[in-house]
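The values are calculated or read from the model by the stated rules, or taken from the named source; none is laboratory data. The model shown is predicted, which means the values in this text are computed figures rather than measured ones. All Cβ positions, glycine included, derive from the backbone under ideal geometry; neighbour counts span all protein chains shown. Side chains are part of the model used for accessible areas, which takes the heavy atoms of the whole protein and leaves out ligands, DNA and RNA. Shrake-Rupley method; radii C 1.70, N 1.55, O 1.52, S 1.80 Å.
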Amino acid sequence: MKAVTWHGRRDVRVDTVPDPILKEPTDVVVRITSTGLCGSDLHLYEVMGPFLDEGDILGHEPMGVVEEVGAGVTELKPGDRVVVPFNVSCGTCFMCGEGLHSQCETTQVREQGSGAALFGYTKLYGQVPGGQAEYLRVPFGNTLPIKVPEGPPDDRFVYLSDVLPTAWQAVEYAGVREGSSLVVLGLGPIGDMSARIAKHRGAGTVIGVDLVPERLARASARGVTALDVRDSHLVEHIRDLTGGRGPDAVIDAVGMEAHGAPVAKLAHQAVGLLPDAIAARFMKTAGVDRLHALRLAIDIVRRGGTISLSGVYGGMADPLPMLTLFDKQIQLRMGQANVHRWVPDILPLLTDDDPLGVDGFATHRLPLAEAPHAYEIFQQKRDNAVKILLTP
């Protein structure tokens, strides 16, 4: 089969690799019909090389059609249409029972000190072959794949794999309620969808902050107050829009892709020049993240407010202004999305009249063969590339 594989920094290729096979009685093999390119994939493209091997299959936002089922699979049959969550979660352990599927005790990558395994995402998360491919082996066939109805196009459901539950959890963790105020930092796919969900759930004021004109215009078109992060009076403008005290909550949907910290950017690039074994130890014990967005969130959120982190941070020794966090009595919530926890809330919206605008959410749909081009334009924010779907 064809699959998107990692070969080095900014070097992904579409290679011919062996087809996946059933290994356990509860495995299924899914023929992928659509698969997303995620901002987290850019971390692999740019800085996470020490935790990848050449030829690793990337991707964690797939959906498709069940081709084959193991002898122990009773909930699915060949021909069923499914979305595959990015968490590899068993659905039956204590953590899954608590709705913490990203901490699944069956697939925790204990040798790395990490939570649940993830599809297509480095040795830190199990080095499981990913879904930017023609076929994917999916374990826990009775509990992991999300069966979706026939009829609507893939675009209606594919974001259940990551974008929708990640954004939903970000809004939930932000404590958004009827009439409350929210600032979303970063209007990439997760930030954009978080703003949409917050509006849908009744937030009174939703402000989106970014520096890409197309992203700002896209959010503004859906009723979000869009502000340019380069505005020298940004903090004052946000306070003016939120009663002078700042928003009730801030979602940081930027993470370590934040702009505005050139020293940390150079540190990221320097890590990429180190031998893998040294670079891996450095990133796990002293990694430096670009904390511009998080520091901005701490600055603008009102006293007693909440910061919800959905952007990925990778460092282990990044200084935080703990005195400010304590003095402002800020609540901080974060973590990988627990996909299955939010499916019952989200799926009814996708079989209704599309209130979140998922049908038109993708800016690009490209053949799998054009994945290297897709990674390039997404990373460089060219051609209005906000969300890209690949079609095997």
Legend entry - Count - residues of segment 165-182 that are part of a loop (DSSP other than H, G, I, E, B) and either open to solvent by 10 Å² or more (accessible area, probe 1.4 Å) or over 14 Å from Ile197 (Cα atoms) (or both): 5
Legend entry - Check on Val183, touching a strand residue (DSSP E or B) at 6+ places or on another chain (Cβ under 7 Å) and under 30 Å from Thr92 (Cα atoms): no
Inset, instruction - State which residue is modelled with the lowest pLDDT when the search covers only segment 222-259 and only residues that are out of contact with any strand residue (DSSP E or B) (no Cβ under 8 Å at 6 or more places or on another chain) and in a helix (DSSP H, G or I). - result: Glu257
Legend entry - Cβ-Cβ under 8 Å pairs, at least 6 apart or on other chains, segment 199-221 side within 15 Å of Val250 (Cβ to Cβ) and modelled with pLDDT of 95 or more, far side outside any loop (DSSP other than H, G, I, E, B) and of a type in the set (Phe, Trp, Tyr): none
Inset, instruction - Please enumerate the residues belonging to segment 30-53 that are open to solvent by less than 10 Å² (accessible area, probe 1.4 Å) and part of a strand (DSSP E or B). - result: Val30, Ile32, Ser34, Thr35, Gly36, Leu37
Inset, instruction - State whether the residues of segment 80-91 include one that is farther than 16 Å from Gln132 by Cα, modelled with pLDDT of 95 or more, assigned to a loop (DSSP other than H, G, I, E, B) and open to solvent by 20 Å² or more (accessible area, probe 1.4 Å). - result: yes
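Here's the yes/no breakdown for (1) open to solvent by less than 10 Å² (accessible area, probe 1.4 Å); (2) touching a Ser or Thr at 6+ places or on another chain (Cβ under 8 Å); (3) small (Gly, Ala, Ser):
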{"position": "Val138", "(1), (2), (3)": "yes, no, no"}
{"position": "Pro145", "(1), (2), (3)": "no, no, no"}
{"position": "Val163", "(1), (2), (3)": "yes, no, no"}
{"position": "Ala195", "(1), (2), (3)": "yes, no, yes"}
{"position": "Arg218", "(1), (2), (3)": "no, no, no"}
{"position": "Arg230", "(1), (2), (3)": "no, no, no"}
Legend entry - Test: Asp27 is within 24 Å of Ala253 (Cα to Cα) and crowded, with 17+ Cβ neighbours inside 10 Å: no
Inset, instruction - Would you point out the residue of segment 125-136, among those that are open to solvent by less than 50 Å² (accessible area, probe 1.4 Å) and assigned to a loop (DSSP other than H, G, I, E, B), that is farthest from Thr391 (Cα to Cα)? - result: Gly126
Inset, instruction - Could you please tell me which pairs satisfy a Cβ distance under 8 Å, a separation of 6+ or placement on different chains, a first residue in segment 183-198 that is modelled with pLDDT under 95 and assigned to a strand (DSSP E or B), and a second residue that is open to solvent by less than 10 Å² (accessible area, probe 1.4 Å) and of a type in the set (Gly, Ala, Ser)? - result: none
Inset, instruction - Can you confirm whether segment 57-67 contains a residue that is farther than 19 Å from Leu118 by Cα, part of a strand (DSSP E or B), open to solvent by less than 50 Å² (accessible area, probe 1.4 Å) and among the acidic types (Asp, Glu)? - result: no
Legend entry - All strands (runs of 3 or more DSSP E) inside segment 290-392 with 1 or more residues being touching a Lys or Arg at 6+ places or on another chain (Cβ under 7 Å) and open to solvent by 30 Å² or more (accessible area, probe 1.4 Å): 388-391
Inset, instruction - Select from segment 98-124 the residues that are of a type in the set (Ser, Thr, Tyr) and over 17 Å from Leu52 (Cα atoms) and write down the one among them that is most open to solvent (accessible area, probe 1.4 Å). - result: Thr106
